[in-house]
Amino acid sequence: MQPRNTEAIILRRTNYGEADRILNFLTPNLGKVSAIAKGVRRPKSKLAGGLELFAVSDITVAWGRGELGIITSARMQQFFGDILHDYDRMQVGYAIIKDINKATETIDEPEFYALLKRSLECLNNITIDSRIIELWFRLQLTGLLGHGINLTTDRTGQKLQQDQQYSYDYNEHALYSNPHGRLSGEHIKFLRLTRAKDPEVLRQVKGVEPLLDECIGLVRAIVT
C-alpha cells in the first residue's frame with residue numbers, strides 16, 4: 001500500500017522494544033489503525049511531539065507486508081491540554097477514549113471519530129461541566145451502537161408522563177412506571193435535551209445540577 005496521510009486521535013500507546021511504541025488510533029477516513037512509531041521514545045525523536053494523548057494529529061502511515069503500519073511522520077494539530085489540569089475532567093477523557101476504543105473493535109463508522117473529537121473539544125472547555133459532557137457522549141454513543149434509550153414510550157408502549165416516576169429495565173432496554181423509581185419527568189426531559197443539543201448549548205441550561213448524577217448513573221450502566 002502507498003503511504004496514507006490522515007488526521008488521527010490516539011486511543012492507546014504500548015511500549016515495544018527499547019525505543020519503539022505501538023499505537024492504536026482512530027481516523028475519520030481509515031477507521032481504526034494500528035502502527036508502530038520506531039524510535040519514538042528516544043529523546044531526540046522527531047515523532048514524539050506529534051503522538052500525544054488528548055490531541056488531534058496529522059499522521060502519515062506506510063504499510064509493508066504485515067498488518068501493522070509504520071508511522072513515518074506525525075505533526076500535532078490541536079492539543080487539548082486543559083483536560084490534564086483537572087482530575088475529574090481527565091478521568092472522563094480516559095473513559096471516553098476507552099469506550100470509543102471498545103466500540104470500534106467491531107464497528108467502523110466515521111461518526112465515532114467525530115464523536116470522539118467533539119467530546120475532547122468540549123472537555124477542553126473548562127466552562128462546561130464534565131458531567132454534562134460525559135452524559136452527552138454516552139447518549140450519543142448508545143445511539144451509534146444501536147441501543148439508544150427510548151425517551152418517548154415505556155416498555156408497554158405507553159407515552160412517558162411528566163408526573164410519574166420511572167425505572168429502567170436493562171433486559172428490555174426500556175423505562176417502566178415505578179412509584180419508587182429514581183427517574184422523574186424532569187430527568188427524562190433533561191435526557192431528551194442532552195441527546196438533542198451540543199454541550200456548548202447545554203452548559204447554558206439552568207437548574208440541571210440535581211439531575212446530573214442520576215442521569216449519568218443510568219447511561220453508564222447501559223454503555224457498560
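Bear in mind these aren't lab numbers, they're just calculated from the coordinates by the rules spelled out. Keep in mind that this is a model prediction, so the values were computed, not measured. Methodologically, a virtual Cβ is constructed for each residue, glycine included, from the backbone with ideal geometry; neighbour enumeration extends over all protein chains shown.
Can you give the angle from 0 to 90° between the axis of helix 185-196 and the longest principal axis of the chain, with both taken from C-alpha atoms, to the nearest 10?
30
Calculate how steeply helix 110-123 sits against the longest principal axis of the alpha-carbon atoms of the chain, using the helix alpha-carbon long axis, and give the answer as 0 to 90 degrees to the nearest 10.
With both axes taken from Cα atoms, the answer is about 80 degrees.
Here is the link list: Lys32/Lys102; Lys98/Lys189; Lys32/Lys197; Lys117/Lys197; Lys117/Lys189. Which ones come out longer than 18 Å on Cα distance?
Where the Cα-Cα span goes over 18 Å, the pairs concerned are Lys98/Lys189; Lys32/Lys197; Lys117/Lys189.
Binned at 5 Å from 0, what are the whole-percent values of the Cα-Cα distance distribution for the chain, short to long?
Going from the shortest bin to the longest, the percentages are 1, 6, 14, 16, 16, 13, 10, 8, 6, 4, 3, 1, 0.
Semi-axes, largest first, in whole Å: what does sqrt of 5 times each Cα gyration tensor eigenvalue give for the stretch 130-198?
That gives 20, 14, 10 Å for the three semi-axes.
If one takes the longest principal axis of the Cα atoms in the chain, at what angle in degrees, from 0 to 90 and to the nearest 10, does the Cα axis of helix 209-223 lie?
Tilt of helix 209-223: around 60 degrees.
State log₁₀ I(q)/I(0) for the stretch 166-210 at q = 0.19, 0.26 Å⁻¹ as given by the Debye formula over alpha-carbon point scatterers of equal weight, solvent excluded.
-0.68, -0.95
Among Trp136, Trp63, which comes first, second and so on when ranked by fewest other beta-carbon atoms within 10 Å?
Trp63, Trp136
Taking the number of other C-beta atoms within 10 Å as the exposure measure, put Met76, Met90 in order starting with the fewest.
So the residues, fewest neighbours to most, are Met76, Met90.
Would you mind computing Rg(Cα) / (2.2 N^0.38 Å) for the stretch 1-129, counting N as its residues?
1.04
Within the chain, what's the longest stretch lacking GluC sites (Glu not before Pro) that sit in DSSP loops with no more than 10 other Cβ atoms inside 10 Å?
It works out to 106-224.
Hey, with R₀ at 22 Å, roughly what FRET efficiency would Glu200 and Glu111 work out to, going by the Cβ-Cβ distance, to 0.05?
Once the sixth-power term is evaluated, E becomes 0.70.
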